[in-house]
Amino acid sequence: MTDMPALDPEGRNYISCPHCTIQIPDDVPDCPYCRQPVPGGTSGTPKDIHSLLVPPERFPRLVKYYREHGKWVKAVGPALLAALVLWLALGFLTRVKIVVPTDNAFLIEAERERKDGGSVLLRGKLLNRGEDIPDLSLRSIGVIAVFQYGDGRTEQKRVFPKSPFRGEGALFRGESGAFEIEVPKGVRSVTLRGEIVNLGEDRVFVPSGRGIRRLPAQRNR
C-alpha cells in the first residue's frame with residue numbers, strides 16, 4: 001500500500017482532490033495520491049516568463065536597418081521634430097482670426113482659404129433672418145469686414161452677398177447669399193458683421209412730375 005504523504009502544516013492551503021477526495025495542497029498540478037490532474041492547480045516550479053516579456057523579433061529588415069543606421073535616426077529625428085513643431089507654431093500664430101459678433105438679423109459663416117503668394121481669401125455665407133430686402137429697392141444687405149493689422153491699424157471693406165436667385169445684397173427672409181473677401185497681408189484678425197445699406201444715401205433724385213430745369217440762354221450782343 002502506498003504511504004500517504006504527511007500534510008505540511010506551515011501555512012499551506014489545502015483542497016479536496018476531485019478524484020479521490022483527499023486533502024492535497026492547492027499549489028500542485030497533480031494529486032500525489034491518485035496522480036490525476038487537479039483543475040486550477042499550479043506548479044511549484046516558477047515558469048520562465050522571459051519569452052512573454054520579450055516579444056518575438058518581427059520585421060527583420062527594419063530591425064537590421066535600424067541597427068545599421070540607428071545613430072543617424074537618433075541624431076536627425078529630434079531636429080526634424082523640432083522643425084515640424086516650429087512650423088506648426090508659426091502657422092498657428094500667423095493664422096488670420098475670424099470674429100463674428102452675435103446678430104439676431106444676420107448669421108455669418110466664413111472659412112479661410114490660403115492662396116498662392118501667402119494671401120488669404122475668406123469665403124463666407126450670410127443668412128437673412130430679418131426683414132425682406134427685395135431687388136428693386138434702395139436698400140441692400142452688406143457685409144462689413146474690419147481688418148485689424150499687427151501694428152494696430154484698422155481698415156474697413158464692404159461687400160454684398162449674392163444669392164443664386166437674386167442680385168447682390170437682395171435677400172428675402174430665410175435666404176442666404178455667398179461672398180468673398182481677400183485679406184491683405186499683415187492682417188491678424190477680421191471682424192465680420194452684416195448691415196442694411198441705404199443705397200440712396202447722399203443722392204438727390206428728381207421727382208417724376210418735374211421737368212429738368214434748363215439754364216436761360218444767353219443773349220447775343
Tally time: how many residues in segment 116-136 are in a loop (DSSP other than H, G, I, E, B) and either at positive phi or in contact (Cβ under 8 Å) with a residue 40 or more places away in the chain (or both)? 7
Among (1) under 22 Å from the mean Cα position of the chain (by Cα); (2) surrounded by 10 or more Cβ atoms within 10 Å (Cβ to Cβ); (3) modelled with pLDDT of 65 or more, Ala89 falls short only on (3)
Number of the exception - Ile181 against (1) loosely packed, with under 15 Cβ neighbours inside 10 Å; (2) touching a residue at least 60 places away in the same chain (Cβ under 8 Å): (1)
Going through (1) farther than 14 Å from Leu121 by Cα; (2) modelled with pLDDT of 85 or more one by one, Pro184 fails only at (1)
Only one of these is at pLDDT 90 or above and touching a Pro at 6+ places or on another chain (Cβ under 7 Å): Ile133, Ile141, Ile196. Name it. Ile141
Might you let me know whether segment 159-179 holds any residue that is of a type in the set (Val, Ile, Thr), outside any strand (DSSP E or B) and either more than 16 Å from Asp132 (Cβ to Cβ) or modelled with pLDDT of 90 or more (or both)? no
Considering residues of segment 94-135 that are surrounded by 18 or more Cβ atoms within 10 Å (Cβ to Cβ) and small (Gly, Ala, Ser) only, the residue nearest to Phe172 (Cα to Cα): Gly124
Any chance you could count how many residues in segment 140-155 are in a strand (DSSP E or B) and small (Gly, Ala, Ser)? 3
The number of residues in segment 108-145 that are closer than 14 Å to Phe179 by Cα and among the charged types (D, E, K, R) is 6
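The values are calculated or read from the model by the stated rules, or taken from the named source; none is laboratory data. Keep in mind it's a predicted model, so treat the numbers as computed, not measured. Every residue, glycine as well, gets a Cβ built from its backbone with ideal geometry; the counts of neighbours run over all protein chains shown.
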